Amino acid sequence: MRNILLIFTLVTTLSLTGTGQSDKKLADGVIAITKAQWSAADQRNITEAMRNVADEYTEFNPTYSTRLDGKALITRLSEAEAGGSDQNVVAEMANEKVQAYADVAVLSYNYVGAVKDKNGKINPRRAKSTRVYVKKGGKWMLVHANFGADPVNN
């Protein structure tokens, strides 16, 4: 009986250890996809930035009062913004957490960044962010995001 209990404990421990490692790998992968999207957008390469965005993508953000539907619309808006003079100086992900459920991964984090305007003034950028990824055809695709303003505490 003791041997059976010992074997059961060992198998359970190994299973949990393996799950933790694969969860970390998945989390690191989803975070890397997001940071690659940021990097491509910083370089004004919108095609590359949209590589892991699904055609049926939807988004909420503080700039528009309604949900934005579709990769095509987000691409047009991103291209218009890329034509501006603002330049990202820094972009960081704080308090990131990935929750994985089979072929779905939810990434939530606080965005902390700074942007330089055309006059050289540095302005902070902050947001509360959630991204939902779905594994389609072996590739993680962004299907929904919610970017909420992170108001400055007074």
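Some points to look at:
- Positions within the range 117-139 being in a strand (DSSP E or B) and either in contact with a helix residue (DSSP H, G or I) (Cβ under 6 Å, 6 or more places away or on another chain) or acidic (Asp, Glu) (or both), in sequence order: Tyr133
- Test result for Lys97, of a type in the set (Lys, Arg) and assigned to a strand (DSSP E or B): yes
- Residue in the range 20-32 that is outside any helix (DSSP H, G or I) and exposed (fewer than 15 other Cβ atoms within 10 Å of the Cβ) present: no
- Residue in the range 65-78 that is surrounded by 13 or more Cβ atoms within 10 Å (Cβ to Cβ), part of a strand (DSSP E or B) and free of Cβ contacts under 8 Å to residues at least 60 places away in the same chain present: yes
- Matching residues, the range 79-94, being assigned to a loop (DSSP other than H, G, I, E, B) and aliphatic (A, V, I, L, M): none
- Scanning the range 78-88 for residues that are over 18 Å from the mean Cα position of the chain (by Cα) and under 15 Å from Phe147 (Cβ atoms) yields a single hit, Glu81.
- Verdict on Ala41 being out of contact with any His (no Cβ under 6 Å at 6 or more places or on another chain), part of a helix (DSSP H, G or I) and free of Cβ contacts under 8 Å to residues at least 24 places away in the same chain: no
- Qualifying residue in the range 104-116 (condition: in contact (Cβ under 8 Å) with a residue 12 or more places away in the chain, loosely packed, with under 12 Cβ neighbours inside 10 Å and assigned to a strand (DSSP E or B)): no
- Within the range 97-120, the set of residues being under 13 Å from the mean Cα position of the chain (by Cα) and closer than 14 Å to Gln37 by Cβ comprises Leu107, Tyr109, Tyr111.
- Verdict on Tyr101 being surrounded by fewer than 12 Cβ atoms within 10 Å (Cβ to Cβ) and over 23 Å from Leu26 (Cβ atoms): no
Just so you know, all these numbers are worked out from the coordinates, no wet-lab data involved. Note that the coordinates shown come from a computational prediction; the quantities given were computed from them, not determined experimentally. Neighbour counts are summed over all protein chains in view; Cβ atoms, including those assigned to glycine, are modelled from backbone coordinates with ideal geometry.
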